[in-house]
Amino acid sequence: MAEVIWGLATSHVPSIGAAMDNHKTGDPYWKPLFDGYAPAREWMAEHTPDVAVIVYNDHANAVDLDLVPTFAIGTAPHYGVADEGWGRRPVPPVVGAPELSAHLVRELVDDEFDIATFHELDVDHGLTVPLSVYCPEPGDAWPCAVVPVLVNVIQHPQPTASRCYRLGEAIGRAIRSYPGDLKVAVFGTGGMSHQLAGGRAGLINAEFDRMFLTAIEHEPEKLATLTREDYIREAGTEGIELIMWLVMRGALNPEITRIHETYHVPASNTAAALALFENGGQA
Ligand code: DHB
Ligand code: FE
């Protein structure tokens, strides 16, 4: 039986990855952010999963805007690191877990989530930065295999927060029904408030972010009732990435323990946060 052992919510700002790649994490601009990660990183290093199911969005780097699946799962044995215009990040290749991917796709389709599949996929900062937040010094290989779960958060109409939460619940059921003996971590990535373009570029809404950080633990249903317009109005056009945190939360049990949390403004144009939860109780 596979089990979900922990869930990590984290921003995926590209320059967080660049700060690590270019050895700038001790600079005055970056040090407070990375200091905030330290306790979570220590705990995760002692609780290594076999597989990370990483809920993320591609930013039109590897997935063309002509064909944007609402929900998709990578099914490949390995994933390339996308070149987003300044070369590929110097991080290890991402090793897949094709048997778990195939199981999740089948179970989710049977559960009435019509999932698209990627048999070939390069993963962009949406996935590699959260991996670096989890594991800053991977050496030649990441500590675990990865199942990418893609959510459309960039092209209207994005899935509702409620649908994302239900998808997470279905992913939790599917993981638990996997016959292999696997320890699984689930990542919910992106957010918190940010808007990169337009008249409100630079928007940060700390009050909304703090509400969301608190409610994700015990009141995810409340966050699931918010509309996409609510997310965009309160958290910005890119702040709607927060619906991916709800997929992660849905995959965990109702009872969870908050191991660590940190909130830092700004990282680039974003309110950057991390929240780490140990799974507990009964599904
Ligand atoms: C930034 C944040 C993002 O979520 C992203 O995908 C790209 C850039 C930023 O703040 O720079
Ligand atoms: Fe993003």
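What follows draws every value from the coordinates through simple rules; no lab data is involved. Remember, predicted model here, so these are calculated numbers, not experimental data. No Cβ is skipped: glycine too gets one built from the backbone with ideal geometry, and neighbour counts run over all protein chains shown.
Computed quantities for the displayed model
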| item | result |
| --- | --- |
| Some residue of segment 84-98 being within 25 Å of SER193 (Cα to Cα), in a strand (DSSP E or B) and either more than 16 Å from ligand 2 (Cβ to nearest atom) or among the aromatic types (Phe, Trp, Tyr) (or both) | no |
| Residue ID - nearest to ARG173 (Cα to Cα), chosen from residues in segment 237-257 that are in contact (Cβ under 8 Å) with a residue 40 or more places away in the chain and over 17 Å from the mean Cα position of the chain (by Cα) | ASN253 |
| Verdict on VAL133 being touching a residue at least 24 places away in the same chain (Cβ under 8 Å), in contact with a Gly (Cβ under 9 Å, 6 or more places away or on another chain) and either within 16 Å of ligand 2 (Cβ to nearest atom) or within 26 Å of GLN195 (Cα to Cα) (or both) | yes |
| Residue match in segment 193-203 (condition: surrounded by 24 or more Cβ atoms within 10 Å (Cβ to Cβ), among the hydrophobic types (A, V, I, L, M, F, W, C) and either within 20 Å of ALA272 (Cα to Cα) or in contact (Cβ under 8 Å) with a residue 40 or more places away in the chain (or both)) | no |
| Residue match in segment 24-45 (condition: small (Gly, Ala, Ser), closer than 30 Å to ALA283 by Cα and surrounded by fewer than 16 Cβ atoms within 10 Å (Cβ to Cβ)) | yes |
| Filter result for LEU150 (in contact (Cβ under 8 Å) with a residue 40 or more places away in the chain, within 25 Å of LEU226 (Cβ to Cβ) and in a strand (DSSP E or B)) | yes |
| Neighbours by Cβ (under 7 Å, 6+ apart or cross-chain): first from segment 7-22, away from ligand 1 (no atom under 13 Å from the Cβ); second in a helix (DSSP H, G or I) | GLY7/MET248; GLY7/ARG249; GLY7/ALA251; LEU8/TYR134; ALA9/ILE216; ALA9/TRP245; ALA9/MET248; MET20/SER132 |
